[in-house]
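What follows draws every value from the coordinates through simple rules; no lab data is involved. If you're wondering where the values come from, they're calculated on a predicted model, not measured in any experiment. As a convention, Cβ positions derive from the backbone with ideal geometry for all residues, glycine included, and neighbour counts pool all protein chains shown.
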Amino acid sequence: MYRTSIPRLACFGLMLAIPAQALAQQAETTEVIKLPLINSSDFDFISLVFGGVLKKAGYNIEFTPVDYTAHFQGVVTGDFPITTGAWATTPAPVQDALASGKVEDYGPNGVEVREGWWYPTYVEAVCPGLPDYRALMKPDCQKALATAETAPKARFVNAPSDWTTDVDKRAEAFGIDLEIISAGTPVALAAAISGAIDKKEPILAWGYSPYWITAKYDGKWVEFPKAEDACFSDPKWGSNPDKTWDCGYKTGQIGKLANKEFIAKVPLAQKVLRNFKLATGDVGRATEEADVKGRPMPEVADEWIAANEAKWRAWLK
Amino acid sequence: MGSNAELERAASPPGRLIVAAVATCVVLALLPFRWTWDWPKEWVIAPGPPITVAFRWLARDFTIGGVEFSGILRSAAKVVELPMMIVQSLLAKGFGPFGSAFPPLPWFTLLGAAVTFAHWAGGLRLLMLILFTGAYLLIFGLWTSAMTTMASVLVAVVVGSLIGVALGVMAWRSTIAEGMLEPLYDLLQVLPIFSYLVPILVFFGFGPLAGLVATVIFAMPPMARTTTLALRTLPRSIFELAVVTGCSRRQSLWLVLLPASRDTLLVGLNQVINLSFAVAVFAAIIGAGGLGTDLFAALKSLKLGPAIAAGIAITLLAIALDRTFRALASKRPRHVRADGGTWIARHVHLLAASALIVMGLLAAVTRSELSAFPASWTMSTGTFWNDLVTSINAAAGETIASFRNALIIGLLRPVKDALLAAPWLLVVGICTVAGLLLGGLRLAVTVAGLLLAVVVTGYWDAAMTSLYLVLLGAAIAALIGFPLGMIGALNGMVADVNDVLVDTIQTLPPFVYLVPVIMVLGIGDVPALAAIALYAVAPAIKFTQSGLLQVKRSVLEAAEMSGCTRLQALLLVQLPIARPHLLLGLNQTVIMAFGMLVITALVGTRGLEANTLKALGKVDTGEGLVAGLCLVAITAVCDRLLRACARRAMVARTASHG
């Protein structure tokens, strides 16, 4: 990706020079700042846009692939001083990083995520009554969703087991008999869903958005009673008087974190981080460009930066 | 602690039988109690949380003389990283930030030098292989990624082989060292990478070194094991030769013994290379870049074409590297006559390679656009593979599904249900008694201790879920692998095909075929079982074939003279002589099957491997480590029982002949 040679270096120098004139403030350091890419389009687009803007401000940015969970440890140690993709819906690694005392929370980045139980629309033929969750309790629907491995229970293809999905808690609270099979990785989840759709096999699976699978294929979210705080703490709330968790999913936020010691040294980058906000629709479109149309993500991110100059210039002020 | 005499008495066959009978009675008497079926939750001892706390302290707060512990390790890491960075800069990245100060060597230089070197080391055949590999990488636009991977693997192979040979020699010299190292190897090969991923990253930084450490951990053990085996199976006459010629200890090792065991060592080296490439793909998720990154980036959006292209590139590189090392190791010193041509004529390869490198450097500095392969000359398979999967699903989806269901209902579920339903005490009892009868009191105590540790920490059900897949997978692998290895020993052509097959299985990243298999078969245990069986077949073929082929020609000739047919010679002469190799093969088959669980966790199997993955997500280092160690415990039990079984068979055979 960065097969840079001498003429390109000259360009790079030029790029450094122009914004330095145009901007009131400039980068405090030429040290390499490593930003994470986790090979997930939503995360990578957000990180690439943020890094791209920091580059315009004159910072020396290097994007490095890394494991999602592990990269929070990198924020703690300072190897990856900034992350713009902390999913609030899987809180454990984020909280662990914050608990170290070395990491500061910079709040949400404006992108809203939707998560929940998802199915291709043709499943409604065997489970009449969907998207209402009560349709899943009917014996015919259970039978249609069962596989040789899970029979007599219906199968739920869950997200990797290191994500917090609480499918089991909800299934228990609503009394839906499910055998939950974790996909292990997002890749396996995508393969399972797309293979089932090829064969028009009934499937109930974990879905999230922005994500290309839920965008590309014709499908729907299972509808549950709307989530309120009381649902998770008060058993009396909701349809099941003895259990908490008898409600749906809240929409989540994606957060921004930074290593305290590092961010103190770079006030301009800190300002950009604080102001940095993207629209959910922009991220959704970008993931489609990359995953469905097959364009390289850095190209898609650069395009956004070129088209939204007014927006990111405001972050620098 | 009993005295030695007591131990010996217990170890003697009648003593063993009595102890076994008593143990059986105890187990049967306890079975009516509920807790011998399912270990109660309240009784679970959880060493996980304190380990997590201790690790956090070690990583974040522990200081030596005011310097943070992780900081000290990281500074040391920088030094070790240096050679790696140099190789990587030379091959792929260039020097300076983004290769600005000095670009990497251009493709035609590297390929030219490699081809020249190949011709010098291995003749025309090796030259063709290298040329083909290079052309493939260029045409599919994978050159830069491939060189990044190549750089890290080269360093890992050198480091891994050196450490492996050193440990192997140590284990051969001292039985105490061997006793300590053997379980360590099992640990390194089976402990899922998720168990130690976070500690490695925190202590060694998110750089190439973390990848190197992870690679060496996984790839080194076969080298160490084969070194010990090689030295141990050398004929006495070679040792005598070393003594007679007046070698010192060091001289005899380096100049006589190791060269004499070259063939077995090459098997070890091949394993180090293959496993290093296998891990290199995984190192992509911790920032190593290269072909692994390409592969996962394509798979993320289920683009099978680029993923398969990158996967095949890894396999080709592994085969090319292995054959090159093999050619180098087998190259005989050339004895030239003093008047045998001019200096130039004798060093034509060296000169050609040097010229190419100098030319390349000049080209790289003056005309940098030359150093990139023209994009318009590259190609891809487009959506061919995706279309293929879709059409298979459309055409044969139902037939495949009914076959899968039959397999699940007929084989997978019964085995799994039986293992999960059986009371743990019964399983522990059976294994312990087996250990007692096969190997004696010491083995029985080891087996019981390891299994009880799994019970007490509350991972029994998960362990049985892992075990069921591994047992089925290893059994299928052995049933396919041993016959294939035997046929290979009879027929040179088959042997060549087998070699390529083994290298492909071991280096083609499992995800490349697992993802399409999931798209066709659906997610679950069937694709996982297929992956385990396929992966574990490699050592079964490899060790059978190489073991059989190593039987001395003179022995075979003797067999022929006494009227053996080729098949009789194989069954009656080669097989018995090669038994140590076959046993190592069986042992490795089982261990590889356990090792593959790391991958199957990623496609949703639910045993101990899933616990380690889950713990990674919760940043629960302790929990991940304990679950990983339980997996190691189960592996060790299988390994030790198998070995005792085999040893006994050997003793029985010798006794009946004597």
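Summing Lys and Arg as +1 and Asp and Glu as -1 over all other residues whose Cβ lies under 14 Å from the Cβ of B:ALA151 gives a net charge of 0.
Calculated [222 nm] ellipticity per residue, helices only, for chain A: -12000 deg cm²/dmol; basis is -39500 (n - 2.57) per DSSP H run with n ≥ 4, divided by all residues, nearest 500. The magnitude of the dipole of the protein assembly as shown, with charges of +1 and -1 set on the Cβ of Lys/Arg and Asp/Glu and taken from the Cα centre, is near 2480 debye.
Restrict the search to segment A:157-211; then list the chymotrypsin sites (Phe, Trp or Tyr not before Pro) that DSSP places in a loop and that have at most 13 other Cβ atoms within 10 Å of their Cβ. Walk me through the intermediate numbers first.
Details: sites: A:TRP163, A:PHE174, A:TRP206, A:TYR208, A:TYR211; in loops: A:TRP163, A:TYR211.
Passing both the DSSP loop test and the Cβ count: no residue.
Free of any chymotrypsin sites (Phe, Trp or Tyr not before Pro) that DSSP assigns to a loop and that have at most 16 other C-beta atoms within 10 Å, the longest stretch within chain B is B:63-658. What is the helix-to-structure angle for B:221-232, meaning the angle in degrees between its Cα long axis and the longest Cα principal axis of chain B, kept from 0 to 90 and rounded to the nearest 10? Between helix and principal axis, roughly 80 degrees.
Between the exposed loop cleavage positions of chain B, defined as trypsin sites (Lys or Arg not before Pro) in a non-H, G, I, E, B DSSP state with at most 15 neighbouring beta-carbon atoms within 10 angstrom, the longest gap is B:1-330. Measuring against 31 Å, Cα to Cα, the residue pairs A:LYS199/A:LYS243; A:LYS216/A:LYS256; A:LYS226/A:LYS271; A:LYS260/B:LYS303 contain A:LYS199/A:LYS243; A:LYS226/A:LYS271; A:LYS260/B:LYS303 as the ones spanning a longer distance.
Could you tell me which trypsin sites (Lys or Arg not before Pro) in segment A:49-126 are loop residues by DSSP with no more than 12 other beta carbons within 10 angstrom of their beta carbon?
Working: sites: A:LYS55, A:LYS56, A:LYS102, A:ARG114; in loops: A:LYS102.
Loop-located and lightly packed - none at all.
Rounded to the nearest 10 degrees, the angle from helix B:193-204 to the longest Cα principal axis of chain B is 50 degrees. Relative to the longest principal axis of the Cα atoms of chain B, helix B:13-30 runs at roughly 80 degrees. Of the trypsin sites (Lys or Arg not before Pro) found in segment A:256-294, those that fall in a DSSP loop while having at most 15 other beta-carbon atoms within 10 Å are A:LYS265, A:LYS277, A:LYS293. The spread of Cα positions in chain B, taken along each principal axis and listed from longest to shortest, comes to 84, 69, 62 Å.
Looking at the protein assembly as shown only, what percent of DSSP beta bridges run antiparallel? Nearest 5 please. Bridges in the protein assembly as shown are about 60 percent antiparallel.
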